[in-house]
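Each remark here refers to the structure printed beneath this line.
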Amino acid sequence: MSDARYAVLLLALLAAAAPARQAIGVYRSWGAFRDAVPARCYAIARPATAGGRAGGWASVATWPDRGLRASLHIRLSRERDRSAPVTLTIGERRFDLTANTLDAWAADAPSDRAVVAAIRSGRSMSVEAVAPGGRPFADVYLLAGAATAIDAAALGCVR
């Protein structure tokens, strides 16, 4: 599926999911959105490859009322073994993420800033984990358009 068709599909699915959601824009395979309640803005994408599965997404969000800016959140495409680490790789950089069964995030604000800086300069990123039963999996995201979507989302929440 082309980037444009994929982005339009992503936009339609997300916009239909919440009536208070406002689309800010689509930038290659990344979309930027604003939610009224709770007040937040975010850039979001689905994985380009997710081991044959359709689930999962990556987002970078701003939550003005919580004081969060450029906060990473990953929804894995499948459940992971809770004893296995979740690793985010962007180019030569590797980040250990904090995770539960399906969600992963940076451990703290400095880690969020480092991840977002790497996203801005990277071509792709992968999130690696191990599923229950021991089978490894990776969700791979294309990063073209990510920086623009992150900036658009941040500007969408400026008061």
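Brief remarks follow.
- Helix axis angle, 146-156 relative to the chain longest principal axis, alpha carbon, degrees: 40 degrees
- Per residue, the accessible area of segment 83-159 comes to 51 Å², computed with a 1.4 Å probe over protein heavy atoms only.
- Heavy-atom surface analysis with a 1.4 Å probe gives the chain a carbon and sulfur content of 54 percent of its accessible area.
- Segment 38-128 shape via C-alpha gyration tensor axes, a/c threshold 1.5: rounded
- Gaussian network model of the chain, springs between alpha carbon atoms under 10 Å - residue of Gly134, Gly122, Gly67 with greatest fluctuation: Gly67
- Placing R0 at 22 angstrom, the Cβ-Cβ distance between Arg53 and Ala114 gives a FRET efficiency of 0.20 after rounding to 0.05.
- Projecting the Cα atoms of Ala129, Ala109, Tyr42 onto the charge dipole of the chain (Cβ charges, centred on the Cα centre) puts Tyr42 farthest toward the positive pole.
The values are calculated or read from the model by the stated rules, or taken from the named source; none is laboratory data. Predicted model, so just to flag it, every value in this text is computed and none were measured. We place every Cβ from the backbone using ideal geometry, glycine too, and count neighbours over all the protein chains shown. Only protein heavy atoms, including side chains, enter the accessible area calculation; ligands, DNA and RNA are left aside. Shrake-Rupley method; radii C 1.70, N 1.55, O 1.52, S 1.80 Å.
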